[in-house]
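Computed from the coordinates by the stated procedures, all read-outs in this text should not be read as laboratory data. From a predicted model like this one, the values you see are computed outputs, not experimental measurements. Here Cβ is always computed from backbone atoms with ideal geometry, including for glycine, and neighbour counts include all displayed protein chains.
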């Protein structure tokens, strides 16, 4: 194999391995009282769970966008989480404690899409905790508004 062919082969192999790594990007990490102390979820992991849609108003968008994602309780069940509190952390290091009961009392989702468009960090993604605000009057309270974590990156269960 000539030096040029080796260089070309190496470049192709690097591109193939980089594209494989991107496909397995971790979207959400769960730590604490979960299986093995840590569970990393990729798009493929989330795709394997049941998806739901919520049409609801928010304090930061116009109208009633349609959010699509996985129920938070399904994510926590998948990770075999046990505890009373979930500490959510965003990409910008916003942190809030959310009572585990929220995810059983309401159909809260980890949204990855809004109005059919994948969420990105520029528009509150890739994962955004969304409450069904218009379905329950109690969810219009500011305490719940604080729990709408956009750019979600990690959950710590305790």
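Data table
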{"item": "Filtered residues of the range 77-93 (kept if free of Cβ contacts under 8 Å to residues at least 60 places away in the same chain and loosely packed, with under 14 Cβ neighbours inside 10 Å)", "result": "77, 80, 92, 93"}
{"item": "Residues of the range 137-153 classified as outside any loop (DSSP other than H, G, I, E, B) and buried (at least 16 other Cβ atoms within 10 Å of the Cβ), total", "result": "4"}
{"item": "Residues (more than 11 Å from residue 154 (Cα to Cα) and within 13 Å of the chain's Cα centre (by Cα)) located in the range 72-103", "result": "72, 73, 74, 75, 76"}
{"item": "Identity of the residue in the range 94-125, in contact with a helix residue (DSSP H, G or I) (Cβ under 9 Å, 6 or more places away or on another chain) and in contact (Cβ under 8 Å) with a residue 60 or more places away in the chain, that ends up surrounded by the fewest Cβ atoms within 10 Å (Cβ to Cβ)", "result": "112"}
